[in-house]
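What follows is one structure encoded as structure tokens, with my remarks underneath.
The values are calculated or read from the model by the stated rules, or taken from the named source; none is laboratory data. Computed from a prediction, not measured in an experiment: that's the story for all the values here. Surface areas here come from the heavy atoms of the whole protein model, side chains and all, with no ligands, DNA or RNA. Shrake-Rupley method; radii C 1.70, N 1.55, O 1.52, S 1.80 Å.
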Amino acid sequence: MAIDPQGPILVEGPVEMVLDDGTLTRSDRFMVALCTCGRSRAYPWCDTSHRRRERVAPSEDRSLT
């Protein structure tokens, strides 16, 4: 398994998942990308929708203390 903070979780397949509504979903691919951002139209599988939006870096504290 590989976790990228700016993208999906990569898991060696095949993978079976039970969704919140009890539905069983399966991917037979050798590597599966699981969505972590919630933007995927193919959730729980990543469809790279996260790439279409620019990520905003956390603001830096510029106070003079």
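Structural remarks
- Residue under evaluation A33, criteria (1) modelled with pLDDT under 90; (2) open to solvent by less than 50 Å² (accessible area, probe 1.4 Å); (3) within 17 Å of D4 (Cα to Cα), criterion not met: (1)
- Whichever residue in region 11-25 is part of a loop (DSSP other than H, G, I, E, B) and either of a type in the set (D, E) or open to solvent by 100 Å² or more (accessible area, probe 1.4 Å) (or both) and, among such residues, is nearest to C46 (Cα to Cα): D20
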